[in-house]
1. Of everything in the stretch 1-21, what is touching a helix residue (DSSP H, G or I) at 6+ places or on another chain (Cβ under 8 Å) and without any contact (Cβ under 8 Å) to a residue 40 or more places away in the chain? Give them in sequence order.
2. With the requirement that a residue be within 11 Å of the ligand (Cβ to nearest atom) and over 27 Å from the mean Cα position of the chain (by Cα), what does the stretch 309-333 give you?
3. Within the set of pairs 6 or more residues apart or between chains, which connect a residue that is farther than 26 Å from residue 363 by Cβ inside the stretch 293-322 to a residue that is within 15 Å of the ligand (Cβ to nearest atom) and assigned to a loop (DSSP other than H, G, I, E, B) with Cβ atoms less than 7 Å apart?
4. From 284, 312, 277, which residue is out of contact with any helix residue (DSSP H, G or I) (no Cβ under 9 Å at 6 or more places or on another chain) and on the phi < 0 side of the Ramachandran plot?
5. State yes or no: is residue 292 more than 16 Å from the ligand (Cβ to nearest atom) and on the phi > 0 side of the Ramachandran plot?
6. If we keep just the residues of the stretch 334-353 that are modelled with pLDDT of 95 or more and exposed (fewer than 14 other Cβ atoms within 10 Å of the Cβ), which is nearest to the ligand (Cβ to nearest atom)?
7. Within the stretch 27-50, work out how many residues are closer than 16 Å to residue 175 by Cα and in a helix (DSSP H, G or I).
Ligand code: C5P
């Protein structure tokens, strides 16, 4: 029987946490409730102990006289850490790495998936600091069940009401059920732009943020793969659990990919590699007059095409095609030219795909219909892409 920890903090939505306990139990999961000391002032821990059948944990210093340390032992046992309701305070502590009670310590000690259901006053929820904390936790891999709009305890109408218990349990069960389908496999992902310098202060690049590639790497880690992320310059937090190697130029990205390629089973090249570099880069800043009005460029190595040539039968290669027009035709051409097994095509320009949180992709295989995802968050898109990759790898193996 799987065990989860349900963190309960001091929002008025706390009464719904009872339903969350019941929902997880009905789904066949054992629940250990962990309350913050403030939550224990709103509702007696006894209520949760009776519901869950296990003594509710509140005090970090009230540990059994055993050789195991409570929060560390629990951290290792759980298949999920779900916090519902999560106050602005708990979210802020998690985001800042503060560990001053059992729940916040458990968060740092655990490597289980984390699901957070915020509940608070609208002004607190929408405060840029809370939103920044949420963004930080999402970047670290935590999942959220967003609060709803409705009547709040303070008498206001607005955003901040705890999501319905069924929605929280459903998302929690999805995270628990996520199988380690890529266990034993090595996945190489490239992400972000490359920078091709003319001199120390000028470079050729593109607006890629790296978000798509980072989400793909995160998804590979979640599926149990040994994950190597080769990243161009981005401002993102590297996904926990992936081995991230930072590069600047296409040549450096090529070297890192060639090194990792022999052990990779699946390669997903989401990087927007600069296609050109300056023919004569300079070590010192060049004056405008010295540069003149034309600059000679040359092509960078096409890493995907190179890996396509080196590909062994068991290896699976996925390319990305960012296009402004004739998307499918261009993507099909690239699929063949680069000897890739799948091509993920997306529209760029006019605010689409580059540096956004959402993406609408089309997945193209050498034969068969094109799979269109519609507009998805990049996190959701990465799930769809890996589902498709896994299905195609299985088909190729048979
Ligand atoms: O030809 P194009 O740049 O549109 O191809 C896009 C795909 O090829 C992406 O998967 C990208 O990561 C990869 N690519 C590469 N090396 C290049 C250019 C693109 O690996 N120099």
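The values are calculated or read from the model by the stated rules, or taken from the named source; none is laboratory data. On a predicted model such as this, the values are computed, not experimentally measured, just so you know. We place every Cβ from the backbone using ideal geometry, glycine too, and count neighbours over all the protein chains shown.
1. 18, 21
2. 330, 333
3. 299/275
4. Unique residue meeting the criteria: 284.
5. Yes, satisfied.
6. 337
7. Total satisfying the criteria: 0.
A quick yes/no check of all residues on (1) part of a helix (DSSP H, G or I); (2) surrounded by fewer than 18 Cβ atoms within 10 Å (Cβ to Cβ):
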site	(1), (2)
99	no, yes
106	yes, no
117	no, no
120	no, no
123	yes, yes
130	yes, no
135	yes, yes
160	no, no
169	yes, no
